[in-house]
Amino acid sequence: FSSVTCYIEQKDSGGISLKKINRTLLQITEKYYWLWFALLCAVTAFLCFRCLGVKAIDSWDEARHGISAYEMLKNKQFLVNTYLGKPDYWNVKPPLSFLSVAAGFVLCGYNAVGLRFFSALFYLLAVIFTGLFARKYSRLASLLTMVFLCANYFPFKAHLARAGDADSLYLLLFTLSMLCMLKVRDNGRWLYACGLFFSLAFLTKSFHAGMIAAVGGIFLLLTKELFHQKPKRWIIFIACAVLPILIWGICRYQYDGITFFQNMYEADIAGRTAAGGLEGHGFPFSFYWTSIFWNFDYIYGWLTLIVIIGLICLWIRPLRPVDTPLPNVDITGILLWFFVPFLGFSLVSTKLMWYVYPCIVPLCMLAAVFVATFLTTVLTEKHVPGFAGLLISLVLLAGTAVFVWNNYCDNVRGARSNDLQTFVQEQFSRDSDLAGSTIYLDAYDPFLYANTTDWEQNMRLLAMLSGDLDCQDGGAEAFLEAPEHALLILSIPFLQDHPELKSYPVLANNGQYMLISSVSK
């Protein structure tokens with residue numbers, strides 16, 4: 001062992017030393033930054049868009065958004081989100097996220113890709129803008145931020161990058177608002193952008209945008225920027241933050257008075273803060289900490305550990321680096337960006353994982369800055385052996401690559417539809433003779449793990465998208481009593497419960513489900 005150590009030390013002092021190799025690697029990262037940046041943009045886009053239409057459509061938020069967006073296009077009513085033709089007072093969100101889904105249908109067609117296209121695009125944009133912002137700390141920090149966001153498992157799993165609901169747009173607007181907030185000290189006009197992104201976030205996800213206001217208000221107070229801006233600037237800021245919401249509110253009030261706003265408050269404020277949680281989603285204060293941020297099965301636990309160690313080194317003077325890329329104002333802003341939503345939603349009784357997705361962005365960026373600073377130090381400092389710096393770099397790179405690979409395997413390559421949704425997609429198209437038909441369902445639904453005669457939200461949306469079908473509940477019994485031509489999707493084993501159906505034409509049979517017509521009734 002001693003002879004190997006001597007050999008390494010000799011190589012370190014020789015012409016082709018490991019230390020020189022380390023410096024060369026850093027120089028390559030710096031010199032070809034835009035090439036690496038473009039590559040990471042491509043990787044992120046691949047994770048966002050690859051197999052985007054394969055995964056089965058989920059009920060509740062995704063299906064509900066899809067149905068409302070579909071009805072907006074069909075009824076030419078872009079202000080009021082409806083469900084089955086009536087104003088939706090369950091999904092009480094302003095219209096921006098529904099409009100983005102509707103735009104996806106127009107751009108990509110009436111399918112699962114159209115449903116999710118803009119969610120994928122919004123996450124890609126959030127990664128790009130965050131990476132570009134982190135370049136102010138170092139180019140290596142910028143690239144690492146993007147890599148960590150590519151390993152961001154849960155938002156790819158549910159309710160964000162690959163789901164047709166409000167959370168991806170909300171994350172983008174939250175992120176842009178925070179990045180603008182961090183630039184206010186450089187130029188006070190960034191306040192206007194902060195206000196605008198806040199208002200758009202409110203028009204996306206209602207009172208959830210209050211977290212943006214809370215972070216921004218505390219930041220401006222702690223940094224004393226609250227007192228440094230001119231009155232004219234505050235007037236313009238308030239106009240940017242309030243006017244879009246006010247205009248929408250007045251227009252919405254013309255439609256149904258205060259009914260929608262009352263339901264917004266009851267669902268997003270009263271309901272989610274009520275004891276026990278809303279709709280069975282009540283969890284203890286530690287839920288987000290234990291399930292995400294201190295979970296070492298995913299990258300989040302490791303990133304949190306890096307941030308804790310980095311802050312200790314930053315705040316304990318003997319350990320503090322001589323040249324730190326993080327100004328105190330930025331540290332304050334980034335920590336508020338993380339802690340205010342994290343603590344705020346931890347205090348609320350209703351807890352859902354996607355509530356704290358915006359906290360992951362500052363976590364990734366802050367961890368990236370600390371890792372970049374550490375790597376630059378160990379790869380270039382004379383007192384650190386060259387082999388140690390190279391080994392640490394390889395371990396960090398390999399570990400992060402594993403998390404990115406797991407994200408790809410589980411959430412992209414692992415995307416799957418279910419048998420019932422596949423059957424519907426195979427039998428219908430919007431330009432076929434069956435388009436617009438009345439249809440009943442009496443089948444086993446893999447999403448519910450149960451037999452059903454009613455249309456679950458995800459199946460109803462899929463039927464609308466696939467063939468503009470008129471979905472009716474009641475199963476085979478209602479089908480047999482239908483006064484006009486209708487269709488029935490039936491699980492084959494259920495045929496024995498309705499022998500009279502054997503005389504009806506079978507339009508399709510895949511061995512599990514059959515499509516029956518009443519045309520010869």
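The values are calculated or read from the model by the stated rules, or taken from the named source; none is laboratory data. All values derive from a computational prediction rather than experimental measurement. Methodologically, a virtual Cβ is constructed for each residue, glycine included, from the backbone with ideal geometry; neighbour enumeration extends over all protein chains shown. Quick note on the areas: whole protein, heavy atoms, side chains included, nothing else; ligands and nucleic acids left out. Shrake-Rupley method; radii C 1.70, N 1.55, O 1.52, S 1.80 Å.
Each Cα pair under 8 Å and six or more residues apart adds its separation to the average, and for the stretch 398-521 the resulting relative contact order is 22 percent. Within the stretch 432-516, the chymotrypsin sites (Phe, Trp or Tyr not before Pro) that combine a DSSP coil assignment with at most 14 other C-beta atoms in a 10 angstrom radius are TYR449.
Counting only protein heavy atoms and using a 1.4 Å probe, what share of the accessible area of the chain belongs to carbon plus sulfur, as a whole percent? It would help to have the intermediate numbers written out before the result.
On the way: 15110 of 23540 Å².
Solvent-exposed carbon and sulfur of the chain make up 64 percent of the total.
Accessible surface calculations at 1.4 Å, restricted to protein heavy atoms, place the chain at 45 Å² per residue.
Counting charges near TRP455 (Lys, Arg +1; Asp, Glu -1) among other residues having Cβ under 10 Å from its Cβ returns a value of -3. Taking a ≥ b ≥ c as the square roots of the Cα gyration tensor eigenvalues, with a/c under 1.5 meaning rounded and otherwise prolate when a/b beats b/c, else oblate, which class fits the stretch 35-149? In terms of gyration-tensor shape, prolate. Put a dot 7 Å past the Cα of HIS485, heading toward its Cβ, do the same for ILE331, and the two dots end up 7.3 nm apart. Projecting label points 7 angstrom from Cα along Cα→Cβ for THR290 and TYR33 puts them 4.3 nm apart. The distance separating the Cα centre of the stretch 499-513 from that of the stretch 60-92 comes to 33 Å. As a calculated quantity, the FRET efficiency between ASN510 and GLN77 at R0 = 45 Å, using C-beta atoms, amounts to about 0.75. Projected onto its three principal axes, the C-alpha set of the stretch 154-310 covers 49, 45, 30 Å, listed from the longest axis down. Solvent exposure of LYS93, expressed as accessible area, is near 20 Å², computed with a probe of 1.4 Å over the protein chains only.
In the stretch 283-399, the ratio of gyration radius to Kirkwood radius, Rg to Rh, stands at 1.03 when only Cα atoms are counted.
Counting only C-alpha contacts under 8 Å and six or more residues apart, can you give the relative contact order of the chain as a whole percent? For the chain, the relative contact order is 16 percent. Given their separation in residues at 0.36 nm each and the Cα-Cα distance between them, PHE339 and ARG50 gain 100.8 nm when the chain is fully extended. Here the convex hull built on the C-alpha positions of the chain has a volume of 188 cubic angstrom per residue. Legend: distances between Cα atoms for LYS183/LYS230; LYS31/LYS136; LYS205/LYS230; pairs beyond 20 Å are LYS205/LYS230. The label point for ALA274 and the one for ASP186, both projected 7 Å from the Cα toward the Cβ, are 4.6 nm apart.
Note: the stretch 329-471, Cα convex hull, 208 Å³ per residue.
Go through the stretch 244-311 and name the chymotrypsin sites (Phe, Trp or Tyr not before Pro) that are in a DSSP coil and have 16 or fewer other Cβ atoms within 10 Å of their Cβ. Please list the in-between numbers first.
Values: sites: TRP248, TYR253, TYR255, PHE260, PHE261, TYR265, PHE285, PHE287, TYR288, TRP289, PHE293, TRP294, PHE296, TYR298, TYR300, TRP302; in loops: PHE285, TRP294, PHE296, TYR298.
Of the chymotrypsin sites (Phe, Trp or Tyr not before Pro), the ones in loops of the stretch 244-311 whose Cβ has at most 16 other Cβ atoms within 10 Å are PHE285, TRP294, PHE296.
FRET efficiency for the pair PHE207 and SER503, taken as 1/(1 + (r/R0)^6) with r the Cβ-Cβ distance and R0 = 60 Å, rounds to 0.60.
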